[in-house]
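Accompanying notes for the structure given below.
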Ligand code: SF4
C-alpha cells in the first residue's frame, strides 16, 4: 500500500538514540552477499519502486526497535556469520546507527555490505542523507540504484536484481567474492514454526 509522503527526518526523530528501526533480521543467509551473513532489513523507504519486493518496509513508522548493541551481540553470537548485509527499506536513512553497528562488528573481523536505492554519486553528494559518508567508509561492498522493473534480471550469473544496479567493491579482498546470484531463494524455518523467505530480488517474506 502506498503511504503518504513523509519527511523521513521527522519520522527518524522518533527512533531513540542508539537504536535502529528494522523490518527484519536473519542469521546465516547465503543469498544476500558473499559467504554466510547476518541480514538486517531496515524499516523505511520513500521510493515506492513498482515491483518492490518489500513494500511492508516502506513505512517510516516504528516497527521493531532494536539497540545497536543488541544487534551486534546477535550477529557475533552466531560464529557462522562472517559478515552483515544491510537491506531494506533504505539503509541510508538510518546511516548513523548502521555506521556505528558496522564499526563494532568490523572490530571483530566481520565484513559489511549494503544495498541502497541511492546511487553512489548521490550518497557522496552534499544532499545525501545524514551520516551517508560515515556508513560508506565502513562498507566493503555496496550495491547501488533502485529496483527498475523494466530492467529486472533473474540470472545465476548476475548479483543484482535490475540491470541499472551496480556492485561497488571498496575492499579489494572481495573482487573475487561476488558469488551470490539474483535467481537464488532461501527459506529459513525457525524454532517457533515461523518462516522467512529471502534471496530472489532481495525479498523478505515472513510468515507464521
Ligand atoms: S528502493 Fe528498494 S525497498 Fe525502496 S521501494 Fe525501491 S525496491 Fe523497495
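The values are calculated or read from the model by the stated rules, or taken from the named source; none is laboratory data. Bear in mind that the values here come from a model prediction, so they are computed numbers and not experimental data. Heads up, the Cβs are rebuilt from the backbone with ideal geometry, glycines too, and the neighbour counts pull from every protein chain shown.
Report whether or not residue 24 is in a loop (DSSP other than H, G, I, E, B), under 28 Å from residue 168 (Cα atoms) and either touching a strand residue (DSSP E or B) at 6+ places or on another chain (Cβ under 8 Å) or touching a residue at least 60 places away in the same chain (Cβ under 8 Å) (or both).
No.
Being surrounded by fewer than 16 Cβ atoms within 10 Å (Cβ to Cβ), within 16 Å of the ligand (Cβ to nearest atom) and more than 17 Å from residue 198 (Cβ to Cβ) narrows it down to one of 46, 65, so name that one.
Every option except 46 fails the conditions.
Would it be correct to say that residue 88 is within 16 Å of the ligand (Cβ to nearest atom) and touching a residue at least 24 places away in the same chain (Cβ under 8 Å)?
The answer is yes for residue 88.
Counting just the residues of region 153-167 that are surrounded by 14 or more Cβ atoms within 10 Å (Cβ to Cβ) and in contact with a strand residue (DSSP E or B) (Cβ under 7 Å, 6 or more places away or on another chain), which one comes out farthest from residue 112 (Cα to Cα)?
Here the residue is 153.
Could you please find all residues in region 4-18 being in contact with a helix residue (DSSP H, G or I) (Cβ under 7 Å, 6 or more places away or on another chain) and not in a loop (DSSP other than H, G, I, E, B)?
8, 12
Going through region 7-29 one residue at a time, which ones are at pLDDT below 95 and exposed (fewer than 15 other Cβ atoms within 10 Å of the Cβ)?
7, 9, 10, 13, 14
Tell me, which residue of region 101-118 that is more than 14 Å from residue 40 (Cα to Cα) and free of Cβ contacts under 8 Å to residues at least 40 places away in the same chain is nearest to the ligand (Cβ to nearest atom)?
Only one residue tops the list, namely 118.
Tell me, which strands (runs of 3 or more DSSP E) wholly within region 155-208 include 1 or more residues that are modelled with pLDDT under 80 and farther than 20 Å from residue 111 by Cβ? Walk me through how you get there before you give the answer.
Working: elements: 166-169, 186-189, 195-198, 204-207.
Counting at least 1 such residues, we get 186-189, 195-198, 204-207.
Among (1) over 18 Å from the mean Cα position of the chain (by Cα); (2) in contact (Cβ under 8 Å) with a residue 40 or more places away in the chain, there is one condition residue 186 misses while meeting the rest; what is its number?
Here residue 186 clears every test but (1).
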